[in-house]
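> Supplied in structure tokens, the structure appears directly below.
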Amino acid sequence: KQWYQRRVRGGNSSNTIEMFAYQVSNQCMALERDNILLPAKEHPGLAYVKVSSAEQYVPDVFFREKDEYKNVVTKEARPLPVEYLLLQLPTGTPLGDHSPLLPGGISEPSFPIINRGAVDLEIFKKYYRAQPDEFFLESLSDINVLYFLYTNDTLSFQESIEGLCQAIRNKDKSAALIFKESPLWATLEQILAVDTVLTASTGENWNCEICTLINTADKTLCAACGSPKA
């Protein structure tokens, strides 16, 4: 249950060693979080969604596949092919000695992994304040931090983040300092200096009209079936 990403080495049709990397989908994590997904012990390639009981209500979960006539059909996830719960990721190994390009910050706490819950400015503020000033470049050398800066709704770094990425790639602290002294980053520093909780409006959780899963307020699509919020 703790492994959300995994890299596997195995043979291929050319009789050579090849690496594969996989990550479970958001739908898989939602099913696991709600404790309704079971393994099929005799068939490792299959999973099984629980049936409702007196102790727990389980909504019907469906998936789509093509039948022998190439028609797309909807089936109940009892059983459910595991391949529907996995995403294949690009992977490889360096040719020589190689230090991580995006090792993350110097001090704890580490920045949360993307797509593992809501991340707001308050979380970023706690992370950023914990990093020493002299390690500004290192504190932003984290794919999750870069993703947050690129996608956050408070300040848009979409047009300027390329310069930061170049500084990280080249490990150029001078270029990172230029980015830090930009008006946009100065605005962010002023926002972070305010000692108030800077969170988005939470609202209320909502039930999916298709599968009845209870989703958190920040979600616009159901985490289980992908249906839009009504």
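The values are calculated or read from the model by the stated rules, or taken from the named source; none is laboratory data. A quick note: this is a predicted structure, and the numbers were derived from the prediction, not measured. Calculation scope for accessible area: heavy atoms of the full protein, side chains included, ligands and nucleic acids excluded. Shrake-Rupley method; radii C 1.70, N 1.55, O 1.52, S 1.80 Å.
> Please give the per residue accessible area of the chain, computed with a probe of 1.4 Å over protein heavy atoms only, in Å².
Working: 15680 Å² over 230 residues.
Here the residues of the chain average 68 Å² of exposed surface.
> Now, a different point. Please give the length that would be gained between Asn205 and Gln56 if that part of the chain were fully extended, namely 0.36 nm times their separation in residues minus their C-alpha to C-alpha distance (nm, one decimal). The partial results should precede the final answer.
On the way: separation 149, 0.36 × 149 = 53.64 nm, distance 1.88 nm.
Extra length available between Asn205 and Gln56 comes to 51.8 nm.
> Of Ile113, Ile178, Ile17, which has the largest mean-square fluctuation in a 10 Å C-alpha GNM of the chain?
Ile17
> If you take Rg and Dmax of the Cα atoms in Å from the coordinates, which of [x] 18.4, 57; [y] 18.8, 69; [z] 21.9, 63 do you get?
The value computed from this structure is option [z].
> Still on this structure, please answer the following. How much mean residue ellipticity at 222 nm does the chain get from its helices, if each DSSP H run of length 4 or more adds -39500 (n - 2.57) and you divide by all residues, to the nearest 500 deg cm²/dmol? Kindly include the intermediate steps, with their values, before the conclusion.
Values: 7 runs with 60 residues, N = 230.
-7000 deg cm²/dmol, from helical runs alone.
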